[in-house]
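Chemist: Structure in C-alpha cells, see below.
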Amino acid sequence: ISYLTDIVNPNMAVISNNGLIGLIKDTFYDTSYVKLIKDIKFTVKIENDKGVSYGVIDGFYKDYLILKDITDKSIIKENDKVLTTGYGVIPKDIYVGKIKVFDDKIYVTCQNLKDIYYVSIIGNKFND
C-alpha cells in the first residue's frame, strides 16, 4: 500500500469549511500538492431568486477570482452565492464565494488562501 497514492488522486477537490481551495495536482507517499483555486479554470453557477446564471472562473485579480463568459448578467446581484456546477472534475455545489462588482466588472470573493489550517479532499463520481 502506498498510503496517499491509493486514496488521493490528481484532480480531486480540496475544500475547507469556507469552500473550494483547489485541486490535487500531484500525490506522493505522504504528501500531496494542490493547485490553488486562483490558478484553475472552472465553471460556476450563480443562483438567486431571479434564476440561475453560469460563468467561468478564469484568473485572479487582487483578492478576487475573475468571472468570465457569464450567461445572464442581468440576474446577478452583489453578494449572490457562487457554487461549482459539477461539470468537469470538481463536484457539484461546492461553495466558491460571493459576487463582488467593481470597475463595471464582476468578480468572485474567495477565502484567504494564507489562512487555512484544515482541509478535506473529495472526489467527483466521474473521477477515475
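Chemist: Taking the Cα centre of the chain as origin, sum charge times position over the Cβ atoms of Lys and Arg (+1) and Asp and Glu (-1), and report the length of that vector in debye to the nearest 20.
Modeler: Values: 17 positive and 17 negative charges, 47 e Å.
So the magnitude is around 220 debye.
Chemist: Quick one: 3J(HN,Hα) in Hz for segment 96-113, Karplus 6.51/-1.76/1.60 with θ = phi - 60°, rounded, Gly and Pro as x.
Modeler: Result, ordered by residue: 10, x, 10, 5, 9, 10, 7, 6, 6, 10, 10, 10, 10, 5, 9, 5, 5, 6 Hz.
Chemist: So, one more: Given the pairs LYS38/LYS73; LYS38/LYS68; LYS41/LYS105, which are separated by over 20 angstrom at their Cα positions? Don't skip to the answer; put the middle values down first.
Modeler: Values: LYS38/LYS73 22 Å; LYS38/LYS68 14 Å; LYS41/LYS105 18 Å.
Violating the 20 Å Cα-Cα cut-off are LYS38/LYS73.
Chemist: Mind listing the phi-derived Karplus ³J(HN,Hα) values for segment 71-81, rounded to whole Hz, using 6.51, -1.76 and 1.60 with θ = phi - 60°, and x for any glycine or proline?
Modeler: With coefficients 6.51, -1.76 and 1.60, one gets 6, 8, 5, 5, 9, 7, 10, 3, 6, 4, 6 Hz.
Chemist: Please report the spacing between the Cα centers of segment 63-79 and segment 1-53 in Å, no decimals.
Modeler: If you average the Cα positions of each part, the centres end up 21 Å apart.
Chemist: Would you kindly derive the ³J(HN,Hα) couplings of segment 11-20 from the backbone phi angles with the Karplus curve 6.51 cos²θ - 1.76 cosθ + 1.60 (θ = phi - 60°), listing them in order in whole Hz, with x for Gly and Pro?
Modeler: 6, 6, 6, 10, 10, 10, 5, 9, x, 5
Chemist: Longer than 20 Å from Cα to Cα, which of LYS25/LYS62; LYS25/LYS98; LYS62/LYS92; LYS45/LYS98 are they? Say none if no pair is.
Modeler: Numbers: LYS25/LYS62 24 Å; LYS25/LYS98 25 Å; LYS62/LYS92 26 Å; LYS45/LYS98 11 Å.
Pairs exceeding 20 Å: LYS25/LYS62; LYS25/LYS98; LYS62/LYS92.
Chemist: Give the aspartates and glutamates whose C-alpha is closer than 12 Å to that of LYS35, dropping any in the same chain fewer than 8 places away, or say none.
Modeler: Of all the aspartates and glutamates, those that pass the test against LYS35 - Cα under 12 Å, at least 8 places apart if same chain - are ASP26.
Chemist: Based on DSSP H runs of at least 4 residues, each adding -39500 (n - 2.57), what is the mean residue ellipticity at 222 nm of the chain after dividing by all its residues, to the nearest 500 deg cm²/dmol?
Modeler: On the way: 1 runs with 4 residues, N = 128.
The helix-only estimate for the chain comes to -500 deg cm²/dmol at 222 nm.
Chemist: On to the next question. Between GLY22 and residues 5 or more places away or on another chain, which pairs have amide H atoms under 5 Å apart, with H built 1.01 Å from N, and which residues are they?
Modeler: When sequence neighbours closer than 5 places are left aside, the close amide H contacts are VAL14, ILE37.
Chemist: Still on this structure, I have one more. Return the long-range amide H neighbours of ASP80 (sequence gap of 5 or more, or a different chain), with a cut-off of under 5 Å between placed amide H atoms.
Modeler: Those lying under 5 Å, H to H, from ASP80 are ILE99.
None of the figures in this text is laboratory data; all of them are computed from the coordinates on show. Model, not experiment: these values are computed from the prediction. For neighbour counting, all protein chains shown are included, and Cβ atoms are generated from backbone atoms with ideal geometry for every residue, glycine included.
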